[in-house]
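Rule-based calculations on the coordinates, nothing more; no lab input. Computed from a predicted structure; not experimentally measured. Positions of Cβ are generated from backbone atoms using ideal geometry, with glycine treated the same way; all protein chains shown enter the neighbour counts.
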Amino acid sequence: MTSPLVGTDVRRREDGPLIRGAGRYVDDIKLPRELCAAFARSPHANARVLAVDTSAARATPGVVAAWTAADVSALGTVPVQAPMGELRPLLAAGAVRHAGEAVAMVVAHDRYAAADGAAAVRVAYEPLPAVTDVERAAAGDVLVHDHRDSNVVHTVEAGDAAAVAAAIASAGDDAVVVTQRMVNGRVVPTAIEPRGVLVDWPPGDPAAERVTIWSSTQVPWGLAGAVAAAFDLPISRVRAIAPQVGGAFGSKLNVYAEELLVCFAARATGRPVRWTETRREAMAATTHGRGWVATATLATDREGRILAYALTGLADLGAYLQSSSAIIPALGLFAAAGPYRIPAFHYRIDCVHTHAPSTDSYRGAGRPEAVYFLERSIDLVARELGVEPAAVRLANFWAPRDFPVTTPSGMAMDSGDYPRALTTLLDAADLPALREWQRGERAQGRVVGIGYAAFVEPGGIGPSYLAADGLSFAGYGLPAALNEGAVVRVNPDASVTVTTGSTSAGQGHGTAWSQLVADALGLGLDRVSVLSGDSSTLGMGIGSFASRSAAVGGTAVVQAATVVRDKAVAIAAALLEADPADVVLAGGVATAEGDPARQVSWAAIAETAYTPARLPEGLAPGLEADAWFDPPALVWAYGAHLAVVDVDPATGVVEVRRYLSVDDAGNLINPAIVEGQVHGGVVQGLGQALTEEVVFHPDGRLRTDSLEHYHLPVAANVPVLEGQMTTTPTGVNPLGVKGVGEGGAIAAPAAIANAVSDALAPLGAGHVDMPFRSPRVWAAIQAARPAPGR
Amino acid sequence: VTTRLQDADPATGGTAVPVARITLSVNGRMVAADVEPRLLLVHLLREHMGLTGTHVGCESSFCGACTVLLDGEPVKSCTVLAVQSHGRAVTTIEGLAPAAGLHPLQESFSACHALQCGYCTPGMILAAVGVLDRDPDPSPDQIRQGLEGNLCRCTGYHNIVRAVAQAAALSRDGA
């Protein structure tokens, strides 16, 4: 009997080509006779477009063609899942509404000539005042779309505002109430690989035309559907391929204007056309994340028991909707009550257009925002109560015996042990010793803080009924579904081909799915190949987002493999003349239980499966099955993270001295990959907390338009990550797995903000908004009044 | 052996611009090329030589995905003109180890799960070569300082630092 691969640190099968530089990202794929596209983009955040003149662009050496909005109007607008706001034209027509909006497309013989051509496009603009601040936009002084009477276009609301007010009123003097306005600012997901697309659309008989699109996307099936719809083609003639994708984090969970436009250019020129985004373009034309300003009110009794919580805020959509822009606050609602009992709850987020790039999914998508506001509020109320913040959390967690739980935001949670996560974390950190150390540091005038946060990470989206809320990809022409599919096929040589709807952008599905299938079929990892990211290989694939791949796509893989195994066992039983119930498949052979001498190899089983004359009666040829898993509910990963920070009071520089995490993602398929997901998420959250911030000039131009001005975490500013896992399996799927991709990004901003707040508390500083860049922290220190008695 | 590179595929119709003749060594092979003066080294490698393991992430030297060794020193090839490499030796990820083998850093990056999407990996490995060339026994802090010019968005750097330390230890033990 071989030991299972699931649950072990199998080394990633993806790595071999990647460490040799033999990966194949979109820009690495070359086609004969290809042309390169470039875009002329608006420097203004708000302007009338009086005229667009492409004559100089067309006359530029190497340029083949140039197009403006009128040329592409038949393609419509950028598709979205739920039109709860204004849609983006593929090229700006008559007006531009954010800096970086595309106005014209140029194609040329190479990328240098294309850039020359784009620079030669002459646009007459009439600049107008712009509003990039979400609160000013909500006030409506400047309208982003002047046919509307407000920039507020959609509201996500749940709970009962009157119940919150009544709970606070009835508690009277027994209530401790904190109300705080907080900013969870706009950030740029910033995959290191910018977007890119390559389209091959050979000219020929229109009735037989086929288009192949390679794109750095998380949603190849969505892209195929959107292209089929835009160009009125059957999906059978559209093939979208996500080759190796160099990071995504939600920013490639979209069909973008450029993908449709490059298809248009390839069809128009009869030649393959490529577009590779520059970083400067990426900062403005790829979706941003977060961008919420909200006021949280948390009320407890004198013992710290929560009476009521209300969150009222604004979410910045940017100028136009992308795929799910206006749906992000609905995802935030899933997590908005955290792991806590909250007797009275209200949540209201207004979605607001601004003269800014579109926002959409970014690692966590609404959940980091919602958790941040709640976890900051808990620390603020703990300060009012004069207690260690853990006491407030422990007083309000759902207990393990409470499950299943219906959250205050109306979601069903099946499992969890929140007190254990927090106490495991605080034990690992040795909180009493840390507080003692902090007292010593403070006595010597140093400014140090300890902060932590607890969170839930609702993921594993479906179930499909959530599609009614706009969470599916129906806007791309896919069915309103949130399941995932897989095909497992044992080939005649007993190699195995696994086809999955999950699309990796570096998460290592190829390795994890191989582990699942090798265990299910009792053969070696090296026998298994995983195909993903190719819309031609499955009728539908939903994709990888919202911590769903293992829970939904991985379950489908195992279900398909189980059907295949059962058929293989039936064949083996016939070959062995044994009862199928007595056949064990392991180590590449089928054995009759109790008689190890009676064996038949997987190779013989596979060959038999495809040889009708040898097949047992009643079995059809072939050894292949598909499965589609639609989860009955979300899965609820959770955890608690802790940060220790140093603040230099003279400069305001914040340094994260230690970072500890406890995460519970249920059963783990590959613990090393899971740890890697936690690391990556934590450091993206750390970036949001410390340095990342989209900043606009007063006229609306993007100030953070490059990596020179937009500061991502670097190795030197990141601490050692001291992580551990607890294991509380879920019953929502047969693997017992939850999601893990987003927890780090959910927890880290709150933990670090609580640590900075703790550090500054003795100086008398109140709430300080992220990111904790030194000028802001220094100013907060200067503005603080020394606490009484200090 | 000197391989002569064409500036542009005649089928695509090259543009009539001045060109400069350069010769350089790429992964140990002498190469001559006629290039536009504005051509970046990274595009010479990727577009003209098919060495697509060197990636472009920011065109401004901030992300390090395009890091190669120029005369043994890590440089950001997105901000080096191809003509500046004339007479010099370039090593890309494809040339770091013999075809059949792996450099200790390549091995340790895989062993330590120091890559996820892999896009930053070639540049990160070549930057790490520079770190270990300067000090074969760096402290974790020195590794972190040494990799400050290379951005990774997936790993949080944690396993990258482990991988570089492991490669350093393996190289010392093996030496």
Seminar exercise, completed: FRET efficiency for A:Ser495 and A:Ala208 from the Cβ-Cβ distance with R0 = 35 Å, rounded to 0.05, comes out at 0.55
Seminar exercise, completed: Spelling it out for A:Val447: with amide H atoms placed in the peptide plane at 1.01 Å from N, the residues 5 or more places away or on another chain with amide H under 5 Å from its amide H are A:Val647
Seminar exercise, completed: For A:Glu86, the net charge from surrounding residues (Cβ-Cβ under 12 Å; K, R +1; D, E -1) works out to +2
Seminar exercise, completed: Computed over region A:601-745, the relative contact order (Cα-Cα under 8 Å, seq sep at least six) in percent reads 30
Seminar exercise, completed: When the charge dipole of chain A is computed with +1 at the Cβ of Lys and Arg and -1 at the Cβ of Asp and Glu, the Cα pointing farthest to the positive end, of A:Ala207, A:Ala518, A:Val142, is that of A:Val142
For this session: Between A:Asn667 and A:Arg58, take the C-beta separation as r, use R0 = 41 Å, and let me know the FRET efficiency to the nearest 0.05.
Result: 0.10
For this session: Would you mind pulling out the separation of the Cα centroids of region A:5-50 and region A:491-526, in Å?
Result: 24
For this session: Work out the charge dipole of the protein assembly as shown with +1 on the Cβ of Lys and Arg and -1 on the Cβ of Asp and Glu about the Cα centre, then indicate which of A:Leu35, A:Ala640, A:Gly739 is farthest towards its positive end.
Result: A:Leu35
Exercise. So, with +1 on the Cβ of K and R and -1 on the Cβ of D and E, and no other charges, what is the size of the charge dipole of the protein assembly as shown about its Cα centre, to the nearest 20 debye?
Worked result: 1380
Exercise. Which distance in Å, rounded to a whole number, links the C-alpha centroids of region A:376-406 and region A:167-208?
Worked result: 27
Exercise. Distance in nm between label sites at A:Arg136 and A:Val387, each 7 Å beyond Cα in the beta-carbon direction?
Worked result: 4.3
For this session: Taking the Cβ of each residue in A:Lys30, B:Lys76 as the centre, tally the other Cβ atoms inside 10 Å and list the residues starting with the fewest.
Result: A:Lys30, B:Lys76
Seminar exercise, completed: For A:Ile241, A:Ile378, ascending order of other Cβ atoms within 10 Å (fewest first) is A:Ile241, A:Ile378
Exercise. Of the beta bridges DSSP finds with both residues in the protein assembly as shown, what % are antiparallel, to the nearest 5?
Worked result: 75
For this session: Sort region A:1-137 into rounded, prolate or oblate with this rule: let a ≥ b ≥ c be the square roots of the eigenvalues of the Cα gyration tensor; rounded if a/c is under 1.5, and if a/c is not under 1.5, prolate when a/b is larger than b/c, oblate otherwise.
Result: oblate
Exercise. Which order do A:Tyr610, A:Tyr372, A:Tyr362 fall in if you start with the one that has the fewest other Cβ atoms within 10 Å?
Worked result: A:Tyr610, A:Tyr362, A:Tyr372
Exercise. Could you give the dipole magnitude of region A:439-492 about its Cα centre, charging the beta-carbon of Lys and Arg +1 and that of Asp and Glu -1, in debye to the nearest 20?
Worked result: 360
Seminar exercise, completed: For B:Glu59, the residues 5 or more places away or on another chain with a placed amide H closer than 5 Å to its own amide H are none
Seminar exercise, completed: With only helices counted (DSSP H, runs n ≥ 4, each -39500 (n - 2.57)), the per-residue ellipticity at 222 nm for the protein assembly as shown, to the nearest 500, works out to -8500 deg cm²/dmol
For this session: Starting from the Cα of A:Arg401, step 7 Å along the direction of its Cβ; do the same at A:Tyr465; then give the gap between the two resulting points in nm.
Result: 3.0
Seminar exercise, completed: If each K or R counts +1 and each D or E counts -1, the residues other than B:Leu51 whose Cβ falls under 14 Å of its Cβ total +1
Exercise. Rounded to the nearest whole Å³, what is the per residue volume of the convex hull around the Cα atoms of the protein assembly as shown?
Worked result: 187
